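*Asks:* I have a structure I would like to understand better, so I am pasting it below and will then ask my questions one at a time.
The values are calculated or read from the model by the stated rules, or taken from the named source; none is laboratory data. Model, not experiment: these values are computed from the prediction. Cβ placement follows ideal geometry from the backbone for every residue including glycine, while neighbour counts extend to all protein chains displayed.
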Amino acid sequence: PGKPLFLLHRGQSAEFDVTFKPTLAQHLEGKIRVLVGDTFSDKTLIELVGEGHKDNFTLDGLEEDTQERNAKCSLKKDITDAFRLNHIQFGECHVGKPCRRTFTITNHAQTEVLRFEWEADASFHFSPRVGHLHPGCTKGITVTLQSDVPATFRRHLVKCKVAKINFPEVPGTKIPDWDDQMFIVPWKSSTRTDQGQKLPETQKVVETAPEPAHTVVEKSSQEVKVHLSALVAYAQFQLSTNRVQFEDTFPFQRTTASFRLSNTGKVALEYSWEKVEESGPVKKPFSTTLMS
């Protein structure tokens, strides 16, 4: 509602948006009480908790880890902690098929260049996994999950190491952006054998671009944690019958038969129908009935 005071009839509900826009890097708390009639009701106390961050490195496009929130809230009677968005929910994924989610990483620093590196993980593949992030720049990260067996991931932890780096000062040169998904296509010399003779030739080769030379700033490394959740399962279904029997139908008329297809699995069921011609129709003798 646009007004702070309003009338709520029996059975009605109202929805409020509370905006948090910090101007400093600090922890902030507040309280809201609902005025019912002429008195404040302690039973409708709403606590507000916010954390103003000024990190040089942020992950954007992630979700709140509700399990972390519930765990922290259960330890204290009053909510005093704010929560970061560090959870990726894949949801339902099919066995053997890639399932992807994307988010972005940003360097908010004005002068420092950051180097990030996601730890190697057997189940989740980050792309790019290693890269440089220049001041004020943003990169998109794609996380791919592909499992050949059913599996359940609950808050699977993956860490990212972030550090400030310096490049050698070379006059007149500009340090290019880099990550392990950038490629170069050099021509390399080789030889081929033709009728017993070795002849020189050149071949085009696709290679990962080499990482620019750099040094890590001492005591600048930090770890960023991301939790991932997913359910990987086979699609399962059940038919109410495996034989559809139509009633006798006169030529040029239409008869409809029904059956039920049920999704009995834990993931979405994708299906399509295909007509299979195993044999031709069975022809029966034509008969007529004479009306007297």
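*Asks:* Return yes or no: is residue 173 over 19 Å from residue 129 (Cβ atoms), at pLDDT 90 or above and among the β-branched types (Val, Ile, Thr)?
*Replies:* no
*Asks:* Now, a different point. Quick one: count up the residues across the stretch 96-142 that are part of a loop (DSSP other than H, G, I, E, B) and of a type in the set (A, V, I, L, M, F, W, C).
*Replies:* 4
*Asks:* (1) at pLDDT 90 or above; (2) outside any loop (DSSP other than H, G, I, E, B); (3) not charged (D, E, K, R): which one isn't true of residue 191, the others all being true?
*Replies:* (1)
*Asks:* Go through the stretch 191-214 and give me each residue that's surrounded by 11 or more Cβ atoms within 10 Å (Cβ to Cβ) and of a type in the set (Ser, Thr, Tyr).
*Replies:* 208
*Asks:* Regarding the stretch 269-276, can at least one residue be identified that is modelled with pLDDT under 95 and surrounded by 10 or more Cβ atoms within 10 Å (Cβ to Cβ)?
*Replies:* yes
*Asks:* If you don't mind, there's one more thing I want to ask. Please state which one of 173, 152, 111, 144 is assigned by TED's automatic domain parsing to the domain that holds residue 220, closer than 29 Å to residue 54 by Cβ and of a type in the set (Val, Ile, Thr).
*Replies:* Matching residue, one of 173, 152, 111, 144: 111.
*Asks:* Is it the case that residue 258 is of a type in the set (Gly, Ala, Ser), loosely packed, with under 10 Cβ neighbours inside 10 Å and modelled with pLDDT of 85 or more?
*Replies:* Considered against the rule, which asks whether it is of a type in the set (Gly, Ala, Ser), loosely packed, with under 10 Cβ neighbours inside 10 Å and modelled with pLDDT of 85 or more, residue 258 comes out as yes.
*Asks:* Out of the residues in the stretch 194-242 that are in a strand (DSSP E or B) and among the acidic types (Asp, Glu), state the one that is farthest from residue 146 (Cα to Cα).
*Replies:* If we filter the stretch 194-242 for residues that are in a strand (DSSP E or B), which is where we start, we get 194, 197-204, 207-208, 215-216, 222-233, 237-239.
Then keep just the ones that are among the acidic types (Asp, Glu); that gives 194, 201, 207, 223.
On the way: 194: 44, 201: 40, 207: 25, 223: 25 Å.
Top of the filtered list is 194.
*Asks:* Among the numbered criteria (1) closer than 30 Å to residue 108 by Cβ; (2) within 25 Å of the chain's Cα centre (by Cα), which one does residue 234 miss?
*Replies:* Result: residue 234 passes all but (1).
*Asks:* Hey, does the stretch 81-94 have a residue that's touching a Pro at 6+ places or on another chain (Cβ under 8 Å) and at pLDDT 95 or above? Talk me through it step by step, then tell me what you get.
*Replies:* Filtering the stretch 81-94 down to residues touching a Pro at 6+ places or on another chain (Cβ under 8 Å) leaves none.
Within the stretch 81-94, none of the residues are touching a Pro at 6+ places or on another chain (Cβ under 8 Å) and at pLDDT 95 or above.
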